[in-house]
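Nothing in this text is a laboratory measurement; each read-out follows from the coordinates by a stated rule. Predicted model only: the values in this text are computed from it and were never measured. Cβ atoms come from the backbone with ideal geometry, glycine included; neighbour counts cover every protein chain shown.
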Amino acid sequence: MKYAMIVFASVFLAELGDKTQLATLLFSAEGKIHPALVFAAASVALVLSTGIAVALGVMAERYLHALPLKLIAGSGFILIGAFTIVDHFSAT
């Protein structure tokens, strides 16, 4: 249960304010689609994309068990953050 809560908290916090959430907010704000339908469609999309990520993670663990996947993933996030910061300061 401890690990499930860690996964929940990590994903929940990572999703707050991301592009997907903002797109969902905009679809709701347009008023063209019933909010329940927006919620259902966004939920199904998130569940499917998460399913794909889990399947890829299981395959990666099987075939890449010798690689430090957490280190690679963490490095990738650091690089994305660095590019974002550089882009911010070069745009001004």
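Descriptive notes on the structure:
- MRE, 222 nm, helices only [DSSP H, n ≥ 4, -39500 (n - 2.57), over the chain, to nearest 500]: -29000 deg cm²/dmol
- Cross-link reach list, lysines versus Lys19, counting only Cα pairs under 23 Å and skipping chain neighbours closer than eight places: Lys32
- Annotation: lysines with alpha-carbon distance below 20 angstrom to Lys70 (same-chain offsets under eight excluded): Lys2.
- Size descriptors for region 36-80, from the alpha-carbon set: Rg then Dmax equal 14.5, 45 Å.
- Of every Cα-Cα pair in the chain, the percent that sits beyond 16 Å: 72
- Of the complete DSSP H runs in the chain, those spanning 18 angstrom or more by Cα along the long axis with a mean Kyte-Doolittle score not below -0.5 are 2-15, 35-63, 69-91.
- Of Leu16, Phe39, Met5, farthest towards positive along the dipole that unit charges on Lys, Arg, Asp, Glu beta carbons give the chain: Met5
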